[in-house]
Number of protein chains: 2
Amino acid sequence: LADELQLENLCVVLVSTRNPLNMGAAARAISNFGVSHLRVVNPFEASFREAKSAVGAAELLKRSQEFQSVVEAVADCSLVVGTTAARGRELHQAMHSLPEAAPLIREHLAGGRVAVLFGSEKRGLSNEDLNYCQWVMHIPTREEHLSMNLGQAVAVCMYEIARMSAREVSSEYMEVANSAELERLTEVLMENLAASGYLKTNAGKSGEERVRRLVRRLQFSSDDAEELLGMLRKMAWKLGRKD
Amino acid sequence: LADELQLENLCVVLVSTRNPLNMGAAARAISNFGVSHLRVVNPFEASFREAKSAVGAAELLKRSQEFQSVVEAVADCSLVVGTTAARGRELHQAMHSLPEAAPLIREHLAGGRVAVLFGSEKRGLSNEDLNYCQWVMHIPTREEHLSMNLGQAVAVCMYEIARMSAREVSSEYMEVANSAELERLTEVLMENLAASGYLKTNAGKSGEERVRRLVRRLQFSSDDAEELLGMLRKMAWKLGRKD
């Protein structure tokens, strides 16, 4: 993952977070998406490093760096991005939606360190915190319900910034049935339909054509075509044997 | 937001969830992204509807629908998508990463109801649950730390499906068979397979499961399902009549 993407240059900074469970959840999310630097500024609970919610990221949470102020926490970062839920808020910085922001962050990561700041659960980032940000981003949420859970917001941001999909080997696909396989299937199905009387009551040639088209529409994998063929043959044998 | 995107056709289905806080968090996330249908199957805690974590989504959580089984929960859905963290797991369904899956889901929402299933925190969805799914999706996470928190996974999926920034104009689709139609088809096919002796020679329970999965993989339109059902009923009648 992430050959070109320099995720080691990304720091997530949690500012004045109240609930240690949210800090653990944030640690888990950043670990899920390949980010390893967590910084905290004035956490409400000194014991946050033990948060049980950091499933699979206990180490990452333990070695997170603690700072007294935002300015110290972002000192080595050349791009500092704030996050906010509030759309109406008076901002002195440019605002980007997350999908617009992520490519800008990825570009910057190639050459420098980036901090993404998340504020406290109740109040978000203060105007003073935002003064250290080059710009601000928001996750596009519904107008009537803007405010996300902190851990979920971190997860969504990491997902969008990492965007592993683009580089991942894409999922495996089953081999698709070829025309010969589909034709065998069609023939045996017709045989059954004839034996059961279905085709008699459902009109000759046009009935056959409908069956042929039906089989083509269903997009069988090769294995599935084989399996259904076995089923139909067994039915055909039984239908035939009893005549 | 989402003029063309028919999010009212999307249902999130939480299967056997243990922690009510995760259910509340899921409710909050789906509400953030404009989804309003939450369904739950066999929740571990009966009192989940009071979960404090559903901040801003308490009503949505309260009126979530409860079901005894996956098959009931998805009966009116014509696309059922499972989610899984495990990449190594042996699956009988096609697997898409979330960024590949989201456009498929959006397209489908234009013409039919879609269920996205999330399994329990410990075990995810069972193979039996997955048998009701057309296909499966995963969030691309780091190989060494695949497993996400449930509420965070729901948030990331909703973010990507809603993708409020980039809405595609959808094209026309055939009406896709819903789960109830597929189950009728499954039942009659099984009946035929039993009558013809196919299921006897191809092992009880696992044979049935293979049939159920096969029918889900084939992506029937409602009309095609109807047509094949007619064929199979005719065969069933003939197979039965001769005994």
Subset of the range B:181-206 that is among the small types (Gly, Ala, Ser) and within 23 Å of residue A:195 (Cβ to Cβ) - its residue that is nearest to the chain's Cα centre (by Cα): B:194
Complete set of residues in the range B:4-37 that are away from every other protein chain (no Cβ under 14 Å), in contact with a helix residue (DSSP H, G or I) (Cβ under 7 Å, 6 or more places away or on another chain) and within 19 Å of residue B:161 (Cβ to Cβ): B:6, B:9, B:13, B:14, B:15
Given (1) within 30 Å of residue A:117 (Cβ to Cβ); (2) facing another protein chain (nearest Cβ under 8 Å); (3) at pLDDT below 90, number of the condition residue A:144 does not satisfy: (2)
Filter pass, residue B:192 being at the interface with chain A (Cβ under 8 Å from one of its Cβ atoms), out of contact with any Lys or Arg (no Cβ under 6 Å at 6 or more places or on another chain), modelled with pLDDT of 85 or more and open to solvent by less than 50 Å² (accessible area, probe 1.4 Å): yes
Breaking point among (1) at pLDDT below 85; (2) among the aromatic types (Phe, Trp, Tyr); (3) buried (at least 22 other Cβ atoms within 10 Å of the Cβ), for residue A:173: (3)
Complete set of residues in the range A:213-243 that are surrounded by fewer than 16 Cβ atoms within 10 Å (Cβ to Cβ), more than 8 Å from chain B (Cβ to nearest Cβ) and within 40 Å of the chain's Cα centre (by Cα): A:213, A:216, A:222, A:223, A:226
Selection from the range A:147-165 of residues that are crowded, with 24+ Cβ neighbours inside 10 Å, within 7 Å of chain B (Cβ to nearest Cβ) and out of contact with any Leu (no Cβ under 9 Å at 6 or more places or on another chain): A:148, A:149, A:152, A:155
Test result for residue B:208, at pLDDT below 90, over 25 Å from residue B:5 (Cα atoms), at the interface with chain A (Cβ under 8 Å from one of its Cβ atoms) and open to solvent by 30 Å² or more (accessible area, probe 1.4 Å): no
Helices (runs of 4 or more DSSP H) wholly inside the range B:19-134 that include at least 3 residues being under 30 Å from residue B:208 (Cα atoms), open to solvent by less than 20 Å² (accessible area, probe 1.4 Å) and among the aliphatic types (A, V, I, L, M): B:98-109
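The values are calculated or read from the model by the stated rules, or taken from the named source; none is laboratory data. If you're wondering where the values come from, they're calculated on a predicted model, not measured in any experiment. Cβ coordinates were reconstructed from backbone atoms using ideal geometry, including for glycine residues, and neighbour counts include every protein chain displayed. Side chains included, ligands, DNA and RNA excluded: accessible areas come from the protein's heavy atoms. Shrake-Rupley method; radii C 1.70, N 1.55, O 1.52, S 1.80 Å.
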